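Participant: Handing you a structure now.
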Amino acid sequence: MTITDSGITMEELRLAARNHGMPLEALRYDITPAGLHYLLIHYDIPAVDPDTWALEVDGAVRRPIRLDLDDLTALTPVTAPVTFECAGNGRALLLPRPVSQPWLHEAVGTAEWTGARLADVLAMAELDDDVVEVVFTGLDRGIDGGIEQAYQRSLRREDARDPDIMLAYAMNRQPLLPQHGYPLRLVVPGWYGMTNVKWLTRITAVTEPFDANQQVGSYRMRSDETDPGKPVERMLPRSLMVPPGIPDFLTRDRLVDAGPVDLTGRAWSGHGGITSVEVSTDGGGIWEEARLEPAPSPSSWHRWTHRWDAEPGPAVLCSRATDDTGRSQEMEPLWNLGGYQVNAVQQIRVQVG
Ligand SMILES: Nc1nc2c(c(=O)[nH]1)N[C@H]1C(S)=C(S)[C@@H](COP(=O)(O)O)O[C@H]1N2
Ligand SMILES: [Mo]
(Lines give C-alpha, C1' and ligand atoms only; values in the text may rest on other atoms or scores of the structure.)
(Ligands and ions follow the chains in the order given, each with its own letter.)
Protein backbone atom coordinates (compact mmCIF):
# COMPACT_ATOMS: atom_id res chain seq x y z
CA MET A 1 0.00 0.00 0.00
CA THR A 2 1.36 3.43 -0.90
CA ILE A 3 0.38 6.20 1.45
CA THR A 4 0.68 9.70 0.07
CA ASP A 5 0.72 12.84 2.17
CA SER A 6 -2.59 14.67 1.85
CA GLY A 7 -0.97 17.97 2.88
CA ILE A 8 -1.02 19.90 6.10
CA THR A 9 -4.55 20.60 7.41
CA MET A 10 -5.98 23.93 8.58
CA GLU A 11 -6.11 22.46 12.14
CA GLU A 12 -2.38 21.72 12.05
CA LEU A 13 -1.59 25.13 10.59
CA ARG A 14 -3.61 26.81 13.36
CA LEU A 15 -1.62 24.91 16.01
CA ALA A 16 1.71 25.59 14.28
CA ALA A 17 0.98 29.32 14.10
CA ARG A 18 0.45 29.42 17.90
CA ASN A 19 3.22 27.10 19.00
CA HIS A 20 6.64 27.94 17.59
CA GLY A 21 9.79 25.86 17.52
CA MET A 22 13.35 26.91 18.34
CA PRO A 23 15.07 28.13 15.15
CA LEU A 24 17.85 25.55 14.72
CA GLU A 25 20.57 28.22 14.51
CA ALA A 26 19.76 28.84 18.21
CA LEU A 27 21.48 25.50 18.95
CA ARG A 28 24.55 27.74 19.09
CA TYR A 29 23.60 29.02 22.57
CA ASP A 30 24.33 26.96 25.70
CA ILE A 31 21.25 28.58 27.24
CA THR A 32 18.40 29.28 24.85
CA PRO A 33 17.23 32.91 25.08
CA ALA A 34 13.65 32.81 26.40
CA GLY A 35 12.13 34.18 23.20
CA LEU A 36 13.81 31.46 21.11
CA HIS A 37 12.78 28.54 23.34
CA TYR A 38 10.06 26.39 21.74
CA LEU A 39 6.52 26.80 22.94
CA LEU A 40 3.63 24.41 23.36
CA ILE A 41 0.28 25.49 24.73
CA HIS A 42 -2.62 23.05 24.38
CA TYR A 43 -5.43 25.48 25.20
CA ASP A 44 -5.05 29.25 25.89
CA ILE A 45 -2.56 31.14 28.05
CA PRO A 46 -4.65 31.66 31.21
CA ALA A 47 -5.14 35.06 32.84
CA VAL A 48 -3.32 35.02 36.19
CA ASP A 49 -3.75 37.54 38.98
CA PRO A 50 -0.43 37.49 40.86
CA ASP A 51 -2.07 39.04 43.94
CA THR A 52 -4.51 36.18 44.46
CA TRP A 53 -2.55 33.32 42.87
CA ALA A 54 -1.37 30.59 45.23
CA LEU A 55 -0.23 26.99 45.04
CA GLU A 56 -2.48 24.58 46.96
CA VAL A 57 -1.02 21.26 48.12
CA ASP A 58 -3.84 18.92 49.09
CA GLY A 59 -5.33 15.44 48.76
CA ALA A 60 -3.92 12.56 50.83
CA VAL A 61 -1.58 14.69 52.94
CA ARG A 62 -1.37 15.25 56.70
CA ARG A 63 -0.89 19.03 56.35
CA PRO A 64 -2.62 20.68 53.37
CA ILE A 65 -0.70 23.87 52.57
CA ARG A 66 -1.15 27.02 50.54
CA LEU A 67 1.94 28.83 49.32
CA ASP A 68 2.10 32.18 47.58
CA LEU A 69 5.04 33.30 45.47
CA ASP A 70 6.83 34.87 48.47
CA ASP A 71 6.53 31.59 50.40
CA LEU A 72 8.00 29.67 47.46
CA THR A 73 10.90 32.05 46.85
CA ALA A 74 11.72 31.89 50.58
CA LEU A 75 12.49 28.15 50.27
CA THR A 76 16.04 27.05 49.37
CA PRO A 77 16.31 27.74 45.62
CA VAL A 78 17.91 25.52 42.99
CA THR A 79 19.06 26.67 39.56
CA ALA A 80 19.98 24.39 36.65
CA PRO A 81 20.02 24.37 32.87
CA VAL A 82 17.40 21.83 31.79
CA THR A 83 16.85 20.63 28.23
CA PHE A 84 13.18 20.39 27.27
CA GLU A 85 11.87 18.52 24.26
CA CYS A 86 8.25 18.04 23.24
CA ALA A 87 7.26 14.37 23.03
CA GLY A 88 5.76 15.17 19.61
CA ASN A 89 9.03 16.52 18.19
CA GLY A 90 9.49 14.83 14.77
CA ARG A 91 5.79 13.98 14.40
CA ALA A 92 5.43 15.68 11.00
CA LEU A 93 8.05 13.31 9.55
CA LEU A 94 5.61 10.41 9.89
CA LEU A 95 3.41 9.09 7.09
CA PRO A 96 0.49 8.96 7.59
CA ARG A 97 0.92 12.02 9.79
CA PRO A 98 -0.83 11.97 13.18
CA VAL A 99 -2.88 15.17 13.23
CA SER A 100 -1.59 17.30 16.10
CA GLN A 101 1.09 19.97 16.48
CA PRO A 102 3.20 19.24 13.34
CA TRP A 103 6.76 19.49 14.63
CA LEU A 104 9.73 18.69 12.41
CA HIS A 105 12.90 18.84 14.61
CA GLU A 106 12.71 22.13 16.45
CA ALA A 107 10.59 21.48 19.58
CA VAL A 108 13.55 21.81 21.92
CA GLY A 109 15.33 24.34 24.12
CA THR A 110 17.54 24.60 27.20
CA ALA A 111 16.67 27.31 29.70
CA GLU A 112 18.21 27.95 33.08
CA TRP A 113 15.36 27.29 35.51
CA THR A 114 15.22 28.43 39.15
CA GLY A 115 12.73 27.24 41.71
CA ALA A 116 11.99 25.53 44.98
CA ARG A 117 12.49 21.79 45.24
CA LEU A 118 9.27 19.81 44.80
CA ALA A 119 10.64 17.35 47.39
CA ASP A 120 10.81 20.13 50.01
CA VAL A 121 7.20 21.16 49.41
CA LEU A 122 5.97 17.55 49.50
CA ALA A 123 7.88 17.04 52.76
CA MET A 124 6.12 20.10 54.25
CA ALA A 125 2.73 18.63 53.32
CA GLU A 126 3.60 15.11 54.61
CA LEU A 127 2.16 12.59 52.16
CA ASP A 128 0.01 9.80 53.58
CA ASP A 129 1.55 6.32 53.48
CA ASP A 130 -0.84 5.04 50.80
CA VAL A 131 -0.13 7.83 48.29
CA VAL A 132 0.86 6.36 44.90
CA GLU A 133 0.94 9.43 42.64
CA VAL A 134 1.08 13.20 42.79
CA VAL A 135 -1.14 15.18 40.38
CA PHE A 136 -0.16 18.60 39.02
CA THR A 137 -2.93 20.93 37.81
CA GLY A 138 -2.51 23.99 35.62
CA LEU A 139 -4.87 26.98 35.48
CA ASP A 140 -5.51 26.47 31.75
CA ARG A 141 -8.69 24.67 30.66
CA GLY A 142 -9.96 23.30 27.40
CA ILE A 143 -11.52 20.34 25.66
CA ASP A 144 -9.55 17.29 24.53
CA GLY A 145 -11.01 14.01 23.35
CA GLY A 146 -14.47 15.57 23.81
CA ILE A 147 -13.87 16.10 27.54
CA GLU A 148 -13.58 19.49 29.26
CA GLN A 149 -10.59 19.52 31.58
CA ALA A 150 -7.74 21.42 33.18
CA TYR A 151 -4.25 20.57 31.93
CA GLN A 152 -3.11 17.91 34.41
CA ARG A 153 -0.27 15.40 34.63
CA SER A 154 0.85 13.09 37.39
CA LEU A 155 4.11 11.57 38.60
CA ARG A 156 4.49 8.31 40.48
CA ARG A 157 5.43 8.89 44.10
CA GLU A 158 8.94 7.45 43.61
CA ASP A 159 9.56 9.67 40.56
CA ALA A 160 8.29 12.78 42.39
CA ARG A 161 11.03 12.25 45.00
CA ASP A 162 13.82 13.27 42.57
CA PRO A 163 15.58 16.20 44.34
CA ASP A 164 16.22 17.88 40.95
CA ILE A 165 12.52 18.42 40.24
CA MET A 166 11.66 22.11 40.60
CA LEU A 167 8.68 24.31 41.20
CA ALA A 168 10.17 26.95 38.92
CA TYR A 169 9.41 30.66 39.18
CA ALA A 170 12.30 31.92 37.01
CA MET A 171 13.55 31.17 33.50
CA ASN A 172 16.99 32.51 32.58
CA ARG A 173 16.99 34.50 35.88
CA GLN A 174 13.76 36.36 34.97
CA PRO A 175 10.19 35.78 36.18
CA LEU A 176 8.47 33.27 33.88
CA LEU A 177 6.95 34.77 30.74
CA PRO A 178 3.16 34.31 30.42
CA GLN A 179 3.60 31.72 27.66
CA HIS A 180 6.08 29.67 29.74
CA GLY A 181 3.82 29.30 32.78
CA TYR A 182 3.86 32.50 34.88
CA PRO A 183 3.98 32.49 37.86
CA LEU A 184 4.97 28.85 38.52
CA ARG A 185 5.63 25.66 36.60
CA LEU A 186 6.89 22.19 37.25
CA VAL A 187 10.33 21.29 35.77
CA VAL A 188 11.14 17.57 35.66
CA PRO A 189 14.64 17.00 34.22
CA GLY A 190 14.96 14.15 31.71
CA TRP A 191 11.26 13.73 30.94
CA TYR A 192 9.49 14.87 27.79
CA GLY A 193 8.04 18.39 27.89
CA MET A 194 4.39 17.57 28.72
CA THR A 195 5.52 16.69 32.25
CA ASN A 196 6.49 20.31 32.97
CA VAL A 197 3.01 21.59 33.93
CA LYS A 198 2.73 25.37 33.44
CA TRP A 199 0.54 27.84 35.37
CA LEU A 200 0.71 25.38 38.26
CA THR A 201 -2.03 25.99 40.82
CA ARG A 202 -2.54 22.69 42.64
CA ILE A 203 -0.57 19.62 43.69
CA THR A 204 -2.77 16.75 44.83
CA ALA A 205 -1.58 13.52 46.44
CA VAL A 206 -3.73 10.59 45.32
CA THR A 207 -4.04 6.97 46.46
CA GLU A 208 -5.05 5.53 43.05
CA PRO A 209 -3.21 5.92 39.73
CA PHE A 210 -4.37 9.13 38.03
CA ASP A 211 -6.33 8.46 34.85
CA ALA A 212 -7.23 11.85 33.36
CA ASN A 213 -6.84 12.61 29.67
CA GLN A 214 -3.22 13.85 29.43
CA GLN A 215 -2.13 10.73 31.34
CA VAL A 216 -4.08 7.93 29.63
CA GLY A 217 -5.65 9.51 26.53
CA SER A 218 -2.49 11.18 25.19
CA TYR A 219 1.23 10.57 25.62
CA ARG A 220 1.18 6.83 25.11
CA MET A 221 3.05 4.79 22.51
CA ARG A 222 0.12 3.12 20.71
CA SER A 223 0.06 1.14 17.48
CA ASP A 224 -3.70 1.63 16.86
CA GLU A 225 -6.91 2.87 18.52
CA THR A 226 -7.43 -0.39 20.45
CA ASP A 227 -3.89 -0.46 21.89
CA PRO A 228 -3.72 1.04 25.43
CA GLY A 229 0.01 1.55 24.83
CA LYS A 230 2.88 2.36 27.15
CA PRO A 231 3.33 5.81 28.74
CA VAL A 232 5.78 8.31 27.22
CA GLU A 233 8.21 9.37 29.94
CA ARG A 234 11.95 10.01 29.50
CA MET A 235 13.49 11.58 26.39
CA LEU A 236 15.16 9.31 23.85
CA PRO A 237 18.62 10.41 22.70
CA ARG A 238 18.73 12.96 19.90
CA SER A 239 21.35 15.07 18.20
CA LEU A 240 20.63 18.18 16.13
CA MET A 241 23.00 20.18 13.96
CA VAL A 242 23.08 23.92 13.32
CA PRO A 243 22.34 24.01 9.57
CA PRO A 244 25.57 25.40 8.02
CA GLY A 245 25.86 28.00 5.25
CA ILE A 246 22.86 29.98 4.07
CA PRO A 247 19.30 28.80 3.33
CA ASP A 248 17.10 29.09 0.29
CA PHE A 249 14.08 31.08 1.52
CA LEU A 250 11.41 28.65 0.35
CA THR A 251 12.98 25.17 0.45
CA ARG A 252 15.48 25.93 3.22
CA ASP A 253 18.03 23.85 1.32
CA ARG A 254 21.52 25.12 2.20
CA LEU A 255 24.33 26.65 0.21
CA VAL A 256 27.81 26.09 1.70
CA ASP A 257 31.24 27.28 0.46
CA ALA A 258 33.75 24.54 -0.38
CA GLY A 259 36.59 24.07 2.10
CA PRO A 260 36.73 23.39 5.83
CA VAL A 261 33.35 23.79 7.58
CA ASP A 262 32.99 23.57 11.36
CA LEU A 263 29.79 21.66 11.98
CA THR A 264 28.30 22.00 15.45
CA GLY A 265 25.20 20.93 17.32
CA ARG A 266 23.74 19.63 20.57
CA ALA A 267 22.85 16.17 21.81
CA TRP A 268 20.85 15.00 24.84
CA SER A 269 19.00 12.06 26.34
CA GLY A 270 16.68 11.66 29.31
CA HIS A 271 18.13 8.21 30.00
CA GLY A 272 21.66 9.30 30.90
CA GLY A 273 24.61 11.17 29.50
CA ILE A 274 25.54 11.16 25.82
CA THR A 275 28.57 8.94 25.18
CA SER A 276 29.05 9.60 21.47
CA VAL A 277 27.90 11.72 18.55
CA GLU A 278 28.69 10.63 15.00
CA VAL A 279 28.44 12.74 11.86
CA SER A 280 27.76 11.67 8.29
CA THR A 281 27.98 13.98 5.27
CA ASP A 282 26.66 11.43 2.77
CA GLY A 283 23.19 10.81 4.18
CA GLY A 284 24.15 8.10 6.63
CA GLY A 285 26.62 5.96 4.63
CA ILE A 286 29.91 6.77 6.37
CA TRP A 287 29.97 7.97 9.98
CA GLU A 288 32.78 9.78 11.80
CA GLU A 289 33.07 10.45 15.52
CA ALA A 290 32.38 14.10 16.46
CA ARG A 291 34.14 15.88 19.33
CA LEU A 292 31.76 15.78 22.28
CA GLU A 293 31.93 18.34 25.10
CA PRO A 294 30.82 17.54 28.66
CA ALA A 295 27.29 18.72 29.49
CA PRO A 296 27.16 21.72 31.88
CA SER A 297 24.74 19.72 34.06
CA PRO A 298 23.26 16.20 33.94
CA SER A 299 19.94 17.68 32.79
CA SER A 300 21.40 19.79 29.98
CA TRP A 301 22.40 19.07 26.38
CA HIS A 302 26.01 18.51 25.30
CA ARG A 303 27.68 20.59 22.60
CA TRP A 304 29.53 18.75 19.82
CA THR A 305 31.71 19.87 16.90
CA HIS A 306 33.06 18.28 13.76
CA ARG A 307 35.39 19.61 11.04
CA TRP A 308 34.09 18.81 7.52
CA ASP A 309 36.16 19.29 4.38
CA ALA A 310 33.34 20.22 2.03
CA GLU A 311 33.90 19.34 -1.63
CA PRO A 312 31.78 20.84 -4.42
CA GLY A 313 28.52 18.98 -5.08
CA PRO A 314 25.47 17.89 -3.10
CA ALA A 315 25.74 16.52 0.44
CA VAL A 316 23.30 15.30 3.12
CA LEU A 317 24.47 16.11 6.65
CA CYS A 318 23.42 13.87 9.54
CA SER A 319 24.34 13.42 13.19
CA ARG A 320 23.37 10.71 15.63
CA ALA A 321 23.73 10.43 19.39
CA THR A 322 24.20 7.40 21.62
CA ASP A 323 23.62 7.55 25.38
CA ASP A 324 24.91 5.74 28.47
CA THR A 325 22.28 3.03 28.13
CA GLY A 326 23.28 2.28 24.50
CA ARG A 327 20.10 3.88 23.12
CA SER A 328 20.70 5.61 19.79
CA GLN A 329 18.84 7.01 16.75
CA GLU A 330 17.41 5.34 13.64
CA MET A 331 17.59 6.81 10.14
CA GLU A 332 13.85 6.29 9.52
CA PRO A 333 11.15 7.55 11.89
CA LEU A 334 9.21 4.82 13.76
CA TRP A 335 5.46 5.30 13.35
CA ASN A 336 3.04 5.35 16.28
CA LEU A 337 -0.53 6.61 16.57
CA GLY A 338 0.19 9.80 18.50
CA GLY A 339 3.49 10.60 16.78
CA TYR A 340 5.60 10.53 19.96
CA GLN A 341 9.32 9.95 20.58
CA VAL A 342 10.23 10.28 16.90
CA ASN A 343 14.00 10.68 17.25
CA ALA A 344 15.00 9.79 13.68
CA VAL A 345 18.27 11.30 12.45
CA GLN A 346 17.98 14.89 11.13
CA GLN A 347 19.02 15.16 7.46
CA ILE A 348 20.17 18.52 6.08
CA ARG A 349 20.48 18.84 2.31
CA VAL A 350 23.28 21.14 1.27
CA GLN A 351 24.82 22.18 -2.03
CA VAL A 352 28.54 22.87 -1.75
CA GLY A 353 29.45 25.63 -4.21
N1 LIG B 1 -0.58 23.88 31.95
C2 LIG B 1 0.05 23.42 30.85
N3 LIG B 1 1.30 22.94 30.97
C4 LIG B 1 1.95 22.49 29.89
C5 LIG B 1 1.36 22.47 28.62
C6 LIG B 1 0.05 23.01 28.51
O7 LIG B 1 -0.54 23.07 27.43
N8 LIG B 1 -0.56 23.48 29.65
N9 LIG B 1 2.05 21.95 27.55
C10 LIG B 1 3.08 20.95 27.89
C11 LIG B 1 3.88 20.51 26.77
S12 LIG B 1 3.19 19.35 25.75
C13 LIG B 1 5.18 20.91 26.61
S14 LIG B 1 6.12 20.24 25.38
C15 LIG B 1 5.78 21.92 27.50
C16 LIG B 1 6.32 23.09 26.71
O17 LIG B 1 6.88 24.03 27.56
P18 LIG B 1 7.29 25.45 26.98
O19 LIG B 1 6.11 25.97 26.19
O20 LIG B 1 7.63 26.30 28.13
O21 LIG B 1 8.46 25.20 26.09
O22 LIG B 1 4.84 22.40 28.44
C23 LIG B 1 3.98 21.45 28.99
N24 LIG B 1 3.22 22.03 30.07
MO1 LIG C 1 4.75 18.63 24.25
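The values are calculated or read from the model by the stated rules, or taken from the named source; none is laboratory data. Treat the numbers as computed from the prediction; the structure is a model and nothing was measured. FYI the Cβ positions are ideal-geometry reconstructions off the backbone, even for glycines, and counts take in every protein chain you see.
Participant: Would you mind stating whether residue 127 is within 20 Å of the chain's Cα centre (by Cα) and among the aliphatic types (A, V, I, L, M)?
Facilitator: Judged against the criteria, residue 127 is not a match.
Participant: Restricting to segment 57-67, what's the tally of residues that are closer than 16 Å to residue 199 by Cα and buried (at least 16 other Cβ atoms within 10 Å of the Cβ)?
Facilitator: So the count comes out to 2.
Participant: Continuing with the same structure: Does segment 61-114 hold any residues that are among the charged types (D, E, K, R) and more than 16 Å from ligand 2 (Cβ to nearest atom), and which are they?
Facilitator: Across segment 61-114, the qualifying residues are 62, 63, 66, 68, 70, 71, 97, 112.
Participant: May I pose another question? Return yes when residue 48 is within 16 Å of ligand 2 (Cβ to nearest atom) and either in contact (Cβ under 8 Å) with a residue 40 or more places away in the chain or among the aromatic types (Phe, Trp, Tyr) (or both) and no when it is not.
Facilitator: Answer is no for this residue.
Participant: Additional query: Filter segment 48-88 down to the residues that are closer than 21 Å to residue 17 by Cβ and away from ligand 1 (no atom under 11 Å from the Cβ) and list them by number.
Facilitator: Scanning segment 48-88 gives no hits.
Participant: Please go through segment 20-47 and pick out each residue that is of a type in the set (A, V, I, L, M, F, W, C) and away from ligand 1 (no atom under 15 Å from the Cβ).
Facilitator: Result: 24, 27.
Participant: Here is a further query. Cβ-Cβ under 6 Å, sequence separation 6+ or interchain: first residue in segment 324-353 and on the phi < 0 side of the Ramachandran plot and aromatic (Phe, Trp, Tyr), partner in a loop (DSSP other than H, G, I, E, B) and at pLDDT 95 or above. Which pairs?
Facilitator: Close Cβ pairs (under 6 Å, with a partner that is in a loop (DSSP other than H, G, I, E, B) and at pLDDT 95 or above) amount to 335/94; 340/87; 340/232.
Participant: Right, next: Could you list all residues from segment 319-353 that are aliphatic (A, V, I, L, M) and part of a strand (DSSP E or B)?
Facilitator: Scanning segment 319-353 gives 321, 348, 350, 352.
Participant: Looking at segment 249-276 only, could you name the residues that are over 13 Å from residue 295 (Cα atoms), of a type in the set (A, V, I, L, M, F, W, C) and in contact (Cβ under 8 Å) with a residue 40 or more places away in the chain?
Facilitator: If the condition is that a residue be over 13 Å from residue 295 (Cα atoms), of a type in the set (A, V, I, L, M, F, W, C) and in contact (Cβ under 8 Å) with a residue 40 or more places away in the chain, then 255, 256, 258, 261, 263 are the ones that fit.
Participant: On to the next question. Give the residues of segment 16-51 that are in contact with a Pro (Cβ under 8 Å, 6 or more places away or on another chain), under 21 Å from residue 91 (Cα atoms) and charged (D, E, K, R), sorted by residue number.
Facilitator: Correct list: 25 only.
Participant: Suppose we filter segment 175-198 for residues that are within 16 Å of ligand 2 (Cβ to nearest atom), part of a loop (DSSP other than H, G, I, E, B) and not aliphatic (A, V, I, L, M); how many remain?
Facilitator: 6
Participant: Something else about it: Restricting attention to segment 195-209, and to residues there that are surrounded by fewer than 21 Cβ atoms within 10 Å (Cβ to Cβ) and more than 15 Å from ligand 1 (Cβ to nearest atom), which single residue is nearest to residue 124 (Cα to Cα)?
Facilitator: Among them, the one singled out is 206.
Participant: Right, next: Out of segment 177-194, which residues are on the phi > 0 side of the Ramachandran plot and more than 7 Å from ligand 1 (Cβ to nearest atom)?
Facilitator: Matches in segment 177-194: 190 only.
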